[in-house]
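Undergrad: Here it is, the structure, as structure tokens.
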Amino acid sequence: MKLVSWNINGIRTFKGGIKTAVDSLDADIICVQETKVTRDLLDEKTAIVDGYNSYFSYSRGRSGYSGVATYCRDSATPFAAEEGLTGLLNNHERSVGCYGDHTDFSNEELQLLDNEGRAIITQHKIMCQDKEKTVSVINVYCPRADPDKPERKLFKLQFYKLLQSRAEALLKGGSHVIILGDVNTSHRPIDHCDPCDITFQVSKTSPPFKQNQINLSKLNKMELQKMNGHSRDDGFDAVEAMEEHSEFLPHKTGAKKEVHFTDFEGKTSFGMSIFNLSNAIMGSGILGLAYAMSNTGIILFTILLMCIALLSAYSIHLLLKSAGVVGIRVYEQLGNRAFGSPGKILAAIIITVHNIGAMSTYLYIVKSELPLVIQAFFGKHENTGEWFLNGNYLIIIVSAVIILPLALMKRLGYLGYTSGFSLSCMVFFLLSVIYKKFNLPCLFDSSNDTTSAYKEFPSYNGANITCEAKLFTINSEAAYTIPIIAFAFVCHPEVLPIYTELRNANIKRMQAVANVSILAMFVMYLLTAIFGYLTFYAGVEAELLHTYSRVDPLDVLILCVRLAVLVAVTLTVPVVLFPIRRAVLQIFFPDKPFHWARHIIIAFCLIFVVNLLVIFVPSIKDIFGIIGATSAPSLIFILPAIFYIRIVPEDQEPLKSRPKIQAICFAALGFIFMIMSLSFIIINWSTGQSQSIGGH
């Protein structure tokens with residue numbers, strides 16, 4: 001039986017199919033790597049080759065990346081074949097089996113290791129010395145480790161460990177094992193098999209060579225059957241520090257430099273990553289910032305906003321450091337690595353609670369704003385009590401007619417684009433707030449003859465509200481300030497996925513993305529709060545956009561802002577629901593295959609619970625407050641700190657080292673914020689009063 005291993009570097013480059021090439025190799029089994037093709041891009045002439053049985057494994061996450069294929073002549077047809085090393089991708093009866101011990105791997109780690117299309121196993125019966133033998137052929141394309149990405153090195157070592165475990169299990173099962181492919185272990189140029197015309201300096205005492213300099217093209221008599229494209233192996237795919245070609249093109253001196261990408265390197269630019277993270281940070285929390293400023297004053301609010309922004313940047317630093325040590329790019333999996341299953345479940349629960357809170361704020365915006373939009377279309381200056389002006393009825397209708405059908409989709413699809421639309425809506429909202437500040441007169445100026453028209457403000461209540469901005473003040477409502485600000489800065493579950501997709505990713509570069517994004521949102525939040533507060537002063541409501549209806553319910557500009565925000569938040573609800581459902585499935589049904597009944601029931605129950613919250617919770621500030629006082633400190637302060645303390649090895653940073661002590665203090669600060677905020681909110685609920693204890 002003759003076998004060939006071939007790093008093909010793009011299987012689609014063969015015009016008219018690959019049959020001529022595989023026939024010319026005159027082999028029974030041809031194992032190719034770097035096919036760089038997905039199922040939807042695979043043409044019939046490549047997939048179905050006359051005289052051969054073909055088997056493919058694709059990258060699940062990226063198109064034009066990785067991938068392996070095995071072509072077996074009809075005379076060498078395997079009696080069993082399987083994709084991957086873990087068994088998780090096996091969905092047919094003719095599987096290979098013998099999976100080995102996976103106790104050192106979590107289910108998610110195994111899924112990640114097999115999701116890049118790196119292994120195919122075929123089993124064959126051959127006659128050897130008049131006896132039938134079983135031979136397992138493992139075709140692998142092992143990960144390449146970038147020296148600047150320690151997490152990728154760990155991924156590579158984990159893949160090797162998994163490969164060894166599977167091979168040993170097959171041996172124990174009575175099969176002979178052949179491992180071939182691109183194993184990416186030539187970590188130095190001198191170790192590589194065929195650099196052809198590259199000249200290396202060799203020690204004079206080195207016995208294999210008689211000369212000080214050896215041109216390795218003289219070694220072409222070696223029976224090497226590893227090729228790259230139609231020509232030689234340039235060596236780039238096995239040398240650790242070199243890049244992989246993204247297209248099958250021969251190199252020409254003086255020609256335009258071709259596009260390259262390195263193993264597991266994202267394609268998202270620095271600027272687009274900033275945009276994506278800004279989308280993750282931006283949310284409904286921006287609508288409550290002016291209210292928070294009215295209860296603290298401009299100076300105190302600015303200080304608090306700056307502190308939360310800086311602390312958020314530091315917590316992202318802790319997350320990136322932790323992820324870099326263990327090579328994990330999923331928030332829940334950091335919890336699993338730090339504390340095992342309890343850590344994973346805790347992280348999943350906190351993220352779920354936070355996302356339920358986010359869904360609730362979005363639907364609360366629908367509850368408060370949609371009646372005003374309908375009211376404006378009917379030309380009504382006030383709510384006359386019809387059912388179609390009742391916010392509770394409207395959120396049920398919107399949930400049943402729009403949100404639930406979208407939430408039942410198996411994949412997000414085009415819904416992912418709504419995040420960009422949401423950010424655009426919030427920028428439009430900010431510009432409108434700034435414009436209205438200079439367009440509206442002070443509503444509480446005694447010299448203004450329209451002042452009496454605004455005594456219906458909920459916060460008016462006969463109080464002496466003036467058009468004077470307070471620089472510093474504290475009242476019982478100030479208990480909501482830190483939770484509202486914290487809620488507005490939560491983006492941490494999305495940091496690691498964005499890090500994964502960043503081009504030329506490293507910790508320093510991703511930290512720069514986070515810093516710029518947080519700075520941009522800080523400026524946007526501060527401008528929204530200041531101009532919203534200076535428009536309504538102490539009369540501002542917990543949901544700023546709703547406050548404008550007290551002035552002119554038929555204002556065209558504000559109506560356009562309302563419509564844009566309503567569309568954005570309505571389409572965002574099913575997007576937020578997807579990770580909640582995934583977390584529920586991971587906690588309660590970790591090993592169950594997809595089932596439509598379970599898929600539908602979870603979506604229905606989540607939407608039902610959120611509707612109940614929105615209907616019975618009296619104000620959006622209560623949602624901001626509770627979620628901002630519980631899940632937000634956990635995601636910003638507590639979890640990143642304790643993950644860092646547990647994951648970073650003590651031989652690298654002892655517990656008494658400065659970084660670990662800072663992390664301990666950071667976690668303690670999160671607990672203090674949580675306890676204080678919850679205490680003040682509960683006290684405020686019990687008293688039901690808002691009394692100022694300072695001001696300027």
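Undergrad: What length, rounded to one decimal in nm, is gained on full extension from ASP26 through to LYS133, with 0.36 nm per residue of separation minus their alpha-carbon distance?
TA: Details: separation 107, 0.36 × 107 = 38.52 nm, distance 2.27 nm.
That pair, ASP26 and LYS133, stretches by 36.2 nm at full extension.
Undergrad: Next up: Quickly work out the GLU168-to-CYS560 label distance, labels modelled 7 Å from Cα along the C-beta direction, and quote it in nm with one decimal.
TA: A separation of 6.8 nm, rounded to one decimal place.
Undergrad: Okay, moving on. Arrange the peptides 153-164, 513-524 so that the one whose residues have, on average, the most other Cβ atoms within 10 Å appears first.
TA: On the way: 153-164: 18.3, 513-524: 20.0.
Averaged packing, sorted descending, gives the order 513-524, 153-164.
Undergrad: Further, regarding this structure: Classify the range 28-71 from the C-alpha gyration tensor, please: rounded if a/c falls under 1.5, else prolate or oblate depending on whether a/b exceeds b/c. Kindly include the intermediate steps, with their values, before the conclusion.
TA: Working: a/c = 2.88, a/b = 1.57, b/c = 1.83.
Judged from the Cα gyration tensor, the range 28-71 comes out oblate (a/c at least 1.5, b/c at or above a/b).
Undergrad: Subtract the Cα-Cα distance of ARG503 and LEU154 from 0.36 nm times their separation in residues, and report this length gain in nm to one decimal.
TA: 123.7 nm
Undergrad: Which shape class applies to the range 34-178: rounded if a/c is under 1.5, otherwise prolate when a/b exceeds b/c and oblate if not, where a ≥ b ≥ c are the square roots of the Cα gyration tensor eigenvalues?
TA: On the way: a/c = 2.06, a/b = 1.20, b/c = 1.71.
Oblate, because a/c is 1.5 or more while a/b does not exceed b/c.
Undergrad: Computed FRET efficiency, Cβ-Cβ of LEU408 and VAL567, R0 22 Å: what is it to the nearest 0.05?
TA: About 0.65, to the nearest 0.05.
Undergrad: Rounded, prolate or oblate for the range 545-696? Axes are the square roots of the Cα gyration tensor eigenvalues, ordered a ≥ b ≥ c, and the cut-off for rounded is a/c under 1.5. Working shown, then result.
TA: Working: a/c = 2.17, a/b = 1.20, b/c = 1.80.
It is oblate, given that a/c is not under 1.5 and a/b is not larger than b/c.
Undergrad: Please give, to one decimal in nm, the separation of the simple spin-label points placed at ALA469 and PHE377, each 7 Å out from Cα toward the Cβ.
TA: With each label point 7 Å from Cα toward Cβ, the separation is 3.8 nm.
Undergrad: Sorted by average packing, counted as other Cβ atoms within 10 angstrom per residue and highest first, what order do 71-83, 25-37, 343-355 take?
TA: Working: 71-83: 18.6, 25-37: 23.6, 343-355: 21.2.
Going by the mean number of other Cβ atoms within 10 Å, highest first, we get 25-37, 343-355, 71-83.
Undergrad: Here is a follow-up. Once you place label points 7 Å from the Cα toward the Cβ at ALA512 and LYS45, how far apart are they in nm?
TA: 4.5 nm
Undergrad: Let me ask you something else. Please find the FRET efficiency linking ILE126 to TRP596, where r is the Cβ-Cβ separation and R0 is fixed at 41 Å, and quote it to the nearest 0.05. Write down the numbers at each step before the final one.
TA: Numbers: r = 44 Å, r/R0 = 1.08.
That gives a FRET efficiency of 0.40.
Readers should treat all values here as calculations from the given coordinates under stated rules, not as data from a laboratory. Keep in mind that this is a model prediction, so the values were computed, not measured. For neighbour counting, all protein chains shown are included, and Cβ atoms are generated from backbone atoms with ideal geometry for every residue, glycine included.
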